[in-house]
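Okay, so here's the structure we're looking at.
Rule-based calculations on the coordinates, nothing more; no lab input. Note that the structure is a prediction, hence the values are computed from the model and not measured. Here the Cβ positions follow ideal geometry from the backbone for every residue, glycine too, while neighbour counts run over all protein chains shown.
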Amino acid sequence: MYKPGDYVFCKSGGVWRVTAVHEGQVELESHENPGEIQTLPVNSGEIVRGVIPVEELQDVLSRIPYTRTIQAPGAKVRMEFYRDAMEKYDELQWVRVIKTVYMQEREKRLMPDEREYGMRAKRYLHGEISALLGIPFDQVEEFIATSIADDVW
């Protein structure tokens, strides 16, 4: 069971902080948009999981340079891989989506819907990093780049 102060992932969009739990309901505040509140039944299935421990996040960040892109024979299959990766709510899967979308865009082979997957994966990953490390959301990308360049982890 979650308690006030915990951070969780919701299917409807990213990282939320638990503000209260009462009578089978959980009240959440968006980490990305403070002040945005939603109340859900505890067993609604909307809350996917809690955020990972900082140690696991550090491991994920250290593995970013070595994480492979998604390999697929065509755009349609690649889109299926994106969908599957996003449904796992796994940080390394989000990194794979982000890197793949970046490479497709760089090679000018990006399909219209791919950008949306990349943006959502980035929002999820950056939201978790922001919540766990106390970094403002808009500074996470720079933090990741610096961490990788300096081999902080």
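Annotations
- Tensor-based shape of segment 1-68 (alpha-carbon gyration tensor, a/c under 1.5 rounded, otherwise prolate or oblate): prolate
- Global form of segment 15-153, assessed from the alpha-carbon gyration tensor, a/c cut-off 1.5: oblate
- Between the beta carbons of Gln38 and Tyr89, assuming R0 = 22 Å, the FRET efficiency works out to 0.80 to the nearest 0.05.
- Positive-end extreme of charge dipole, the chain - chosen from Val95, Leu125, Val18 (charges on Cβ): Val95
- Footprinting exposure proxy ranking of Val51, Val15, fewest other C-beta atoms within 10 angstrom first, gives Val51, Val15.
- Dividing the summed -39500 (n - 2.57) terms of all DSSP H runs of n ≥ 4 by the residue count of the chain sets its mean residue ellipticity at 222 nm at -15000 deg cm²/dmol.
- Helix 114-133 vs. the chain, principal-axis angle (Cα, 0 to 90°, nearest 10): 50 degrees
- Listed by chain and number, the lysines whose alpha-carbon sits under 19 Å from that of Lys99, ignoring those within fewer than 8 places in the same chain, are Lys76, Lys88, Lys108, Lys122.
- For segment 6-146, the relative contact order is 20 percent, taking Cα pairs closer than 8 Å that sit 6 or more residues apart in sequence and dividing their mean separation by the residue count.
- Burial ordering of Lys3, Lys122, fewest other beta-carbon atoms within 10 Å first: Lys3, Lys122
- Per-pair calculated FRET efficiency, R0 = 35 Å: Met1 and Glu141 via Cβ, rounded to 0.05: 0.55
- Among residues other than Glu116 with Cβ under 12 Å from its Cβ, the summed charge is +3 (Lys and Arg +1, Asp and Glu -1).
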